[in-house]
Amino acid sequence: MAQVQALRVSTPWVSDSAVVEDWDGAEEASSYRPIESLRRGLEILLCLNQALGGRASIKEISAVTGLHRTTVRRMLETLQNEGYVRRNASDEHYSLNHKVRQLSDGFTDEDWVSEVAGQALGRLLQKAVWPSDLCTLDGDSMVVRETTHRFSPLSFHRAMIRRRLPMLFTAAGRAYLSACPSAEREEILRLLQQGNDEQARLARNPQLVAALLQKTREQGFGSNDGDWTEQARMSAIALPIHHGDRVLGCINIIFTKKAMTTREAEQRLLPALQTAVAEIESHLMPEGAAAVLAAAPAAPALAPHRETLPDLLLTV
């Protein structure tokens, strides 16, 4: 108790000079040498994908990639035999074949946002020190896809990847439900109502659900002040990640209830969380749109408001 109180008084929770483990060095270097022929084949596929009109000759591919024409020809013949490219006999130009789409069929929006979120989570950790999770929707739960728990000196939970979080009792779940399209929200609530646990009972009470979502929208972020009984000593704040009219996931910051209140977290941690979400959203946009957004003033994803709701409706 005394140690927590000392941390609460003395620690600069948001600091660019915070000392944490090196996030950038988290991934171990490969013990194998890269396969050069595979790299060249992928480079040729990328060249064809970016070629004007989706077609290019061996000479053009060689000029763009820097590969010798003989190498390009051999690679193209292999790719053609495997069904990934086709050759137009009339002008000796090559283009991608339909089979190449199978290479991306397993790559979902959740994979996409996880890929671009890594560096932003690392920078968020350096500022906030408390751990964060990138969560995406999986049926009736939020699932942790990326996390900084094992790098944070203030983490109480090291194994968080693929952990399922309840929608109505966690900051990430509340942020997602408050921001997603209404049709999606109703479908999620229907799934939750089919259970027989405490969350299902809450989901079957439309007044309490409406009050919970209203509170989340009014304060401008999802919050959890020990409402999840499994983690009653922990609190969190969270923001949704938008892409067009969709919500791809949420990022939270987790801290102990004794370390700070939700209001203190809003003041100390929310600005860093907003910066991380804005960085991820900008990487999900086309370059031109991202440049326009960067020049415009930032707007909160959920409009903040300070109206107080009845205590009964907030203790859910």
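The values are calculated or read from the model by the stated rules, or taken from the named source; none is laboratory data. These figures come from a predicted structure and were not determined experimentally. A quick note on method: Cβ atoms are made from the backbone with ideal geometry, for glycine too, and the neighbour counts reach across all protein chains shown. Accessible surface areas use protein heavy atoms only, side chains included; no ligands, DNA or RNA. Shrake-Rupley method; radii C 1.70, N 1.55, O 1.52, S 1.80 Å.
Could you please find all residues in segment 147-204 being of a type in the set (A, V, I, L, M, F, W, C) and without any contact (Cβ under 8 Å) to a residue 12 or more places away in the chain? I'd like the intermediate steps shown before the answer.
Of the residues in segment 147-204, the ones of a type in the set (A, V, I, L, M, F, W, C) are 151, 154, 156, 159-161, 165, 167-169, 171-172, 175, 177, 179-180, 183, 188-189, 191-192, 200, 202-203.
Within segment 147-204, Ala159, Ala183, Ala200 qualify.
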Item to complete: Scan segment 116-149 residue by residue and report those that are touching a strand residue (DSSP E or B) at 6+ places or on another chain (Cβ under 6 Å), over 13 Å from Leu248 (Cα atoms), surrounded by fewer than 24 Cβ atoms within 10 Å (Cβ to Cβ) and aliphatic (A, V, I, L, M).
Response: Leu121
Discussion item. For His68, only one of the following conditions fails: (1) open to solvent by 50 Å² or more (accessible area, probe 1.4 Å); (2) modelled with pLDDT under 90. What is its number?
Written reply: (2)
Worksheet entry | Answer from Ala303, Ala295, Ala289 - the residue that is surrounded by 11 or more Cβ atoms within 10 Å (Cβ to Cβ) and either hydrophobic (A, V, I, L, M, F, W, C) or at pLDDT below 50 (or both) | Ala289
Discussion item. If a residue must be polar (S, T, N, Q) and over 25 Å from the mean Cα position of the chain (by Cα), how many such residues does segment 188-243 contain?
Written reply: 6
Worksheet item: Quick one: in segment 271-283, which of the residues that are closer than 16 Å to Tyr176 by Cβ and at pLDDT below 95 is surrounded by the most Cβ atoms within 10 Å (Cβ to Cβ)?
Response: Ile280
Item to complete: Tally the residues that are open to solvent by 30 Å² or more (accessible area, probe 1.4 Å) and free of Cβ contacts under 8 Å to residues at least 40 places away in the same chain, restricting the search to segment 45-65.
Response: 8
Worksheet item: Of all helices (runs of 4 or more DSSP H) completely enclosed by segment 161-270, which ones contain at least 2 residues that are in contact with a helix residue (DSSP H, G or I) (Cβ under 7 Å, 6 or more places away or on another chain) and either open to solvent by 30 Å² or more (accessible area, probe 1.4 Å) or of a type in the set (Asp, Glu) (or both)?
Response: 182-193, 206-219
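Quick grid of which residues meet (1) under 23 Å from Thr147 (Cα atoms); (2) modelled with pLDDT under 95; (3) not hydrophobic (A, V, I, L, M, F, W, C):
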site: Arg174; (1), (2), (3): yes, no, yes
site: Ser178; (1), (2), (3): yes, no, yes
site: Leu192; (1), (2), (3): no, no, no
site: Ala210; (1), (2), (3): no, no, no
site: Gly220; (1), (2), (3): yes, no, yes
site: Asp227; (1), (2), (3): yes, yes, yes
site: Gly249; (1), (2), (3): yes, yes, yes
site: Asn252; (1), (2), (3): yes, no, yes
Item to complete: Select from segment 72-103 the residues that are surrounded by fewer than 18 Cβ atoms within 10 Å (Cβ to Cβ) and of a type in the set (Ser, Thr, Tyr) and write down the one among them that is nearest to Arg40 (Cα to Cα).
Response: Thr78
